[in-house]
Amino acid sequence: MLSAIAPTINPQSLRELGNISIVGLQWGDEGKGKIIDLLSCEFDLAVRWNGGSNAGHKVEVGDVKYRFHLIPIGILRPNVTCVICSGVVIDPLKTLEEIDGLSTQGVSIENNLKLSANANVVFPYHKLQDQLAEAKAAGGKIGTTGRGIGPCYADKANRSTAIRLIDLLDDARLTEKLQRIVPEKNAILKALYGTEPLDWKPMFEQYRACGEQLRPFITDTTKLLHAALKEKKRMLFEGANAVLLDVDHGTVPYVTSSNCGTGLSVGTGLPARAVNTTLGIVKAYSTRVGSGPFPTELDNAIGEKIRERGHEYGTTTGRPRRCGWIDTVALRYSIAISGASCVSLMLLDVLSGFDELQICTAYKIKGASQNTDWFPADALELQNAQPVYETVAGWHEPLDNITTYEELPAAAKNYIARLEHHIGVPVKIVSIGPGRHQTLIR
């Protein structure tokens, strides 16, 4: 089932790239899952280092579709050890649900999944606060998934209200923390939203049981990764979310709650030198879920055509994604922040059928005398940015069954060449469909 036809990847070429970090360069949903799955067969470890169950990846292997939120996609490869590091906030209920779902699909999850004992745990009060805050925000919604990720990271920073995975394995420790923390959360939730108090006891029983089920997987992942680094094992780092959603470098407040392009060392405990190559993942157009500025958004029939052709609905929430032309101003910024040296261009097939395509190459900022080619991460400033476009010819030929890069229509290859010109790094992989085999390696 997992040996579906895949493009030929030169193992020696991959080895020359060393440990690879996969990073989304837009507002998420770029198609990272497919590339992670494609490359993971040549690695010893697949490492997830940020975010939580707010992330979502879809992978198609043959006629089987897999959905991931927390567990590394490398789990589809039996020889790969999958590691969820302390930089991730873990929802035990969702983790067990995902393990059960994958097991039902025939994926073996026994000795090849490792969870950091120091990862912070998402509790019901985190989810409740997340959902109530978003509902109360009215016109100021930030587009949260409601999975409790932001409040959990806030508790991590607060320290005294943080509960880690290792705490679920110690009844006395978990009891002490919940008895102290839950009344504090109840007071806050009642004052802000008028909620009824939560009872810590059912929470204790449920999460204690989750801890016992997850006990075989829980370990010191920092120690494990340093041992792997010393042994020169090959590591593929799976990034969640994307650079433009980074809590420090994205369009605050319309961002996620973790570092998506720069936090790998913090999330894993490994030094920066552990990564040899950063591969940026880019859609052939732009999308965004939820609120926030989006200069190239197409709130018209063209945007709707892209959405329907690309099946642009969230893996985690099911929400329709906002769609627009590709934005090389934003991409240059993300490449600079993440250090990506090459990119994988995804969903190129979605753009078949357009007479013309637009590429955003600069912004005109309201009140400014000159156009800018630098991405202003400040959300208010970005709201005033108008895209400056370069127009290129489109193509009408379907791409689904093409097997080599050379077979692409001339207009499609020109589109890629213009993107390379504007972003300053090469396109090494081109995806023309969801299947493993629908991938062109340059």
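Is one or more of the residues making up the stretch 144-160 of a type in the set (Asp, Glu) and outside any helix (DSSP H, G or I)?
Checked against the condition, which is being of a type in the set (Asp, Glu) and outside any helix (DSSP H, G or I), the stretch 144-160 yields no hits at all.
Only one of (1) at pLDDT below 95; (2) closer than 22 Å to residue 99 by Cα fails for residue 221. Which number is that?
Answer for residue 221: the failing condition is (1).
Since residue 75 meets every condition but one in (1) free of Cβ contacts under 8 Å to residues at least 60 places away in the same chain; (2) crowded, with 22+ Cβ neighbours inside 10 Å; (3) in contact with a Ser or Thr (Cβ under 8 Å, 6 or more places away or on another chain), which condition does it not meet?
(3)
Suppose we keep only residues that are open to solvent by less than 20 Å² (accessible area, probe 1.4 Å) and touching a Ser or Thr at 6+ places or on another chain (Cβ under 6 Å) within the stretch 85-108. Which one would you say is farthest from residue 37 (Cα to Cα)?
That would be 91.
Do you know which of the residues in the stretch 397-426 that are part of a helix (DSSP H, G or I) and touching a residue at least 40 places away in the same chain (Cβ under 8 Å) is nearest to residue 357 (Cα to Cα)?
415
For every residue, the table says whether it meets (1) modelled with pLDDT of 95 or more; (2) more than 30 Å from residue 60 (Cβ to Cβ); (3) of a type outside the set (A, V, I, L, M, F, W, C); (4) surrounded by 15 or more Cβ atoms within 10 Å (Cβ to Cβ).
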position: 367; (1), (2), (3), (4): no, yes, yes, no
position: 380; (1), (2), (3), (4): no, yes, no, no
position: 395; (1), (2), (3), (4): yes, no, no, yes
position: 424; (1), (2), (3), (4): yes, yes, yes, no
position: 433; (1), (2), (3), (4): no, no, yes, yes
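Can you find even one residue in the stretch 147-160 that is surrounded by 16 or more Cβ atoms within 10 Å (Cβ to Cβ), of a type outside the set (Val, Ile, Thr), more than 26 Å from the chain's Cα centre (by Cα) and modelled with pLDDT of 95 or more?
Checked against the condition, which is being surrounded by 16 or more Cβ atoms within 10 Å (Cβ to Cβ), of a type outside the set (Val, Ile, Thr), more than 26 Å from the chain's Cα centre (by Cα) and modelled with pLDDT of 95 or more, the stretch 147-160 yields no hits at all.
If residue 205 satisfies all but one of (1) open to solvent by 90 Å² or more (accessible area, probe 1.4 Å); (2) out of contact with any Pro (no Cβ under 8 Å at 6 or more places or on another chain); (3) over 29 Å from residue 85 (Cα atoms), what's the number of the condition it fails?
Among (1) open to solvent by 90 Å² or more (accessible area, probe 1.4 Å); (2) out of contact with any Pro (no Cβ under 8 Å at 6 or more places or on another chain); (3) over 29 Å from residue 85 (Cα atoms), residue 205 violates only (3).
The values are calculated or read from the model by the stated rules, or taken from the named source; none is laboratory data. This one's a predicted model, so the numbers in the text were calculated from it and none came from an experiment. As a convention, Cβ positions derive from the backbone with ideal geometry for all residues, glycine included, and neighbour counts pool all protein chains shown. Note: accessible area is taken over every heavy atom of the protein model, side chains too, but ligands, DNA and RNA are not part of it. Shrake-Rupley method; radii C 1.70, N 1.55, O 1.52, S 1.80 Å.
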